[in-house]
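Working notes, beginning with the structure itself.
The values are calculated or read from the model by the stated rules, or taken from the named source; none is laboratory data. Nothing here was measured: the structure is a model prediction, and the numbers come from that model. Neighbour counts are summed over all protein chains in view; Cβ atoms, including those assigned to glycine, are modelled from backbone coordinates with ideal geometry. In case anyone asks, the SASA skips ligands and DNA or RNA and just uses the protein heavy atoms, side chains included. Shrake-Rupley method; radii C 1.70, N 1.55, O 1.52, S 1.80 Å.
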Number of protein chains: 2
Amino acid sequence: MSDINAIAKQFTDFYYSTFDTNRASLQSLYREQSMLSWEGSPILGAANISDKLTTLPFQTVQHKITTLDAQPSSPTVASLIVSVTGLLLVDDSTNPLQFSQVFQLIPDGGSYYVYNDIFRLNYGA
Amino acid sequence: MSDINAIAKQFTDFYYSTFDTNRASLQSLYREQSMLSWEGSPILGAANISDKLTTLPFQTVQHKITTLDAQPSSPTVASLIVSVTGLLLVDDSTNPLQFSQVFQLIPDGGSYYVYNDIFRLNYGA
């Protein structure tokens, strides 16, 4: 499992630092068949997902990962499920929002693409 | 996606009502190759997962689902990823704990088994 955890760490480090500095570059992580559920809204395909991510209603955002878990998602392919919980700071807010995000990463050449992506904010009790 | 959402709803209704009333029965949802990450600890196989779930240090527990998302997890098999966020009430506590849980369900005969299961409590900021 150590390999998988290293891949998950490398992916999420890249994903969230790119999200926080240059959201448009995230498009290259998705494919035509990729799915995003964003706060319950389903979005299909790299172009639509990129449109969604680049038009979110904030200028600046900062992700801080609290927990990171990974598991192999198939007995036959080197795909993995990555589950993240963490905190988001948006624009000038000093009030962090909790979020949960799940990815399924599929091997593609020497790298991975995002096949599944599910994002949710977690509001308090 | 409506079919998938119905399956996810039916699974989680069953899973959490069984968890809250008769945890030992959850074993039938897992197989030898099933994986659980429980608060970061990896556990492999139905018997070990059942041991973990039935020896958690509380007598009574109540899950309340806040959000439920599902996506197909493969282009070729009718498997799905289910992502849940919600609240937990343990024993006599009146202070709900937030949790996030991710499942991958694999079709098996007319039903599904849990191949991946990742559980985390979400502590506040």
Completion exercise
Scanning the range B:67-77 for residues that are at pLDDT 95 or above and touching a strand residue (DSSP E or B) at 6+ places or on another chain (Cβ under 7 Å), the one farthest from A:I106 (Cα to Cα) turns out to be B:T67
Practice task
Would you check which residues across the range A:66-93 are open to solvent by 30 Å² or more (accessible area, probe 1.4 Å) and touching a Gly at 6+ places or on another chain (Cβ under 8 Å) and list them?
Solution key: A:T66
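Please pick out the residue among A:L53, A:L36 that is on the phi < 0 side of the Ramachandran plot, touching a residue at least 12 places away in the same chain (Cβ under 8 Å) and touching an Asp or Glu at 6+ places or on another chain (Cβ under 7 Å).
On the way: A:L53 fails: touching an Asp or Glu at 6+ places or on another chain (Cβ under 7 Å).
The unique qualifying residue is A:L36.
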Practice task
Answer yes or no as to whether A:G45 is within 12 Å of another protein chain (Cβ to nearest Cβ) and surrounded by 15 or more Cβ atoms within 10 Å (Cβ to Cβ).
Solution key: no
Problem - For A:T18: the one exception among (1) at pLDDT 95 or above; (2) over 20 Å from B:S74 (Cα atoms); (3) more than 10 Å from chain B (Cβ to nearest Cβ); (4) exposed (fewer than 13 other Cβ atoms within 10 Å of the Cβ) - result: (4)
Problem - Residue satisfying all of: in the range A:95-108; within 10 Å of chain B (Cβ to nearest Cβ) and open to solvent by 50 Å² or more (accessible area, probe 1.4 Å); modelled with the highest pLDDT among these - result: A:L97
Exercise for the section: Identify, by number, the condition in (1) within 16 Å of B:D13 (Cβ to Cβ); (2) more than 10 Å from chain A (Cβ to nearest Cβ) that B:T67 doesn't meet. Expected result: (2)
Exercise for the section: Would you mind telling me which numbered condition in (1) under 30 Å from B:L44 (Cα atoms); (2) modelled with pLDDT under 95; (3) loosely packed, with under 15 Cβ neighbours inside 10 Å A:N122 fails? Expected result: (3)
Practice task
Scan the range B:75-88 and give yes if some residue there is more than 25 Å from A:W38 (Cα to Cα) and either within 9 Å of chain A (Cβ to nearest Cβ) or not aliphatic (A, V, I, L, M) (or both), otherwise no.
Solution key: no
Fill in the blank from the handout: Per the filter on the range B:26-42, residues surrounded by 14 or more Cβ atoms within 10 Å (Cβ to Cβ) and either within 22 Å of B:V90 (Cβ to Cβ) or hydrophobic (A, V, I, L, M, F, W, C) (or both) are B:L26, B:Q27, B:L29, B:M35, B:L36, B:S37, B:W38
